[in-house]
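Report on the following structure.
The values are calculated or read from the model by the stated rules, or taken from the named source; none is laboratory data. Everything numeric in this text was worked out from a predicted model, so none of it was measured. Here the Cβ positions follow ideal geometry from the backbone for every residue, glycine too, while neighbour counts run over all protein chains shown. Surface accessibility is based on the protein's heavy atoms, side chains included, excluding ligands, DNA and RNA. Shrake-Rupley method; radii C 1.70, N 1.55, O 1.52, S 1.80 Å.
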Amino acid sequence: MERKPKKDPKDMRHGYTTGACATAVTKAALLALITNEEQETSTIHLPIGRDATFTIEKCLFENNAVSCETIKDAGDDPDATHQALIVGTVSWAETPGIHLDGGVGVGRVTKPGLPVPVGEAAINPVPRKMIHSTVQGVLDEFQITRGVNVVISVPKGEEIAKKTLNGRLGILGGISILGTRGTVVPFSSSAYMASIVQAISVAKEAGCEHLVVTTGGRSEKFGMKQYPHLPEEAFVEMGDFVGFTLKHCKRLGIKQVSLVGMMGKFSKVAQGVMMVHSKSAPIDFNFLAQLAEDVGADADTIAEIREANTASQVGEIMMEKGYESFFHRLCEACCYSSIHHIKGGLTLSTSIYSMQGQLLGRADDIASIDEINWDRG
């Protein structure tokens with residue numbers, strides 16, 4: 001079967017956030033409530049400074065309230081909420097003001113550390129502001145001073161939330177209504193980084209002083225087995241953003257961080273690369289060969305490492321030849337490079353696993369750099 005060519009990022013189609021969708025259906029429902037006319041589209045102003053028009057799939061009048069629906073389009077981003085139905089229900093309130101809440105499928109915050117207080121619907125600050133200002137703008141246009149109830153619902157939100165980290169963050173019962181721009185940028189780094197910040201903040205508020213940061217789901221499972229005494233909140237998936245994650249841990253006053261991952265990405269960390277995406281920087285096989293030489297590897301092994309294709313292959317070579325100390329040295333180098341990058345302030349540990357879950361090496365509780373034995377690559 002012929003593989004489809006990958007799209008260039010600049011050619012990828014942008015989409016809209018759940019926050020923008022929620023604002024659009026709220027505006028449509030309020031206009032329908034005021035005019036008693038069904039709305040087919042809804043145009044709102046986005047935080048990035050431009051307007052966007054949304055298709056209203058359904059406009060339902062029921063029990064002195066109006067509900068409008070739209071289907072979220074995330075563009076070319078592999079978003080869990082792509083094609084989710086977003087519903088806004090608006091009714092007149094008995095008290096003045098704009099009263100916003102979440103309905104079915106919108107999660108509720110149960111842990112501190114998030115930008116929304118415990119007990120409230122997981123509608124983030126920017127979408128809240130968008131909805132409030134849009135509702136107020138419509139009320140002002142029609143010179144209405146009555147209070148308004150707004151309820152945002154996502155009928156399949158609880159099921160969608162299982163594909164997210166909401167449960168770990170203490171957001172129960174559904175998804176979060178998110179977005180700072182109003183638009184979704186495909187494969188956006190900023191969205192992932194925002195999730196890291198939230199996870200660290202929740203861990204901090206839960207009283208965690210020791211975090212285990214991992215490069216993905218598989219390494220997180222290995223980390224959970226290694227640190228079974230730590231609560232779920234203490235485990236944070238950092239993906240490729242090693243430096244960003246460590247700096248934020250330091251900023252929030254986390255005392256101890258354990259890095260858990262595999263040969264490929266951690267070989268880059270050891271050589272000082274703190275953004276470990278596959279395209280960020282190549283593996284430096286000369287650096288790995290130097291570490292091997294430092295632990296007494298023979299000339300043939302060192303030559304073999306220099307000619308290797310992947311870091312995993314280097315790991316296999318060193319395991320087969322019995323140079324287990326190589327992995328400890330590599331873990332130490334990860335700690336030293338990380339401490340150097342963040343300018344100290346954390347006690348770091350590093351554990352490197354094979355793809356099958358075998359612990360290859362670890363270095364624990366390093367708080368300062370051993371300048372004599374640190375090979376900077």
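When residues in the range 139-178 are screened for being in a loop (DSSP other than H, G, I, E, B) and open to solvent by less than 20 Å² (accessible area, probe 1.4 Å), 3 of them pass. Considering the range 33-70, the residues that are out of contact with any helix residue (DSSP H, G or I) (no Cβ under 8 Å at 6 or more places or on another chain) and in contact (Cβ under 8 Å) with a residue 40 or more places away in the chain include one that is nearest to residue 106 (Cα to Cα), namely 33. Listed by position, the helices (runs of 4 or more DSSP H) contained in the range 248-360 that have at least 1 residues being under 22 Å from the mean Cα position of the chain (by Cα) are 263-270, 325-342. Restricted to the range 320-363, and to residues there that are surrounded by 15 or more Cβ atoms within 10 Å (Cβ to Cβ) and among the charged types (D, E, K, R), the residue that is farthest from residue 222 (Cα to Cα) is 321.
The criterion of being aliphatic (A, V, I, L, M), assigned to a helix (DSSP H, G or I), outside the structural domain of residue 254 (by the TED database) and open to solvent by less than 40 Å² (accessible area, probe 1.4 Å) does not hold for residue 196.
Rundown of residues vs (1) over 25 Å from residue 110 (Cα atoms); (2) of a type in the set (D, E, K, R); (3) in contact with a helix residue (DSSP H, G or I) (Cβ under 9 Å, 6 or more places away or on another chain), yes/no style:
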site	(1), (2), (3)
213	no, no, yes
233	no, yes, yes
241	yes, no, yes
254	no, no, yes
258	yes, no, yes
265	yes, yes, yes
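The single residue among 269, 260, 212 that is within 27 Å of residue 304 (Cα to Cα), crowded, with 24+ Cβ neighbours inside 10 Å, touching a Phe, Trp or Tyr at 6+ places or on another chain (Cβ under 7 Å) and aliphatic (A, V, I, L, M) turns out to be 260.
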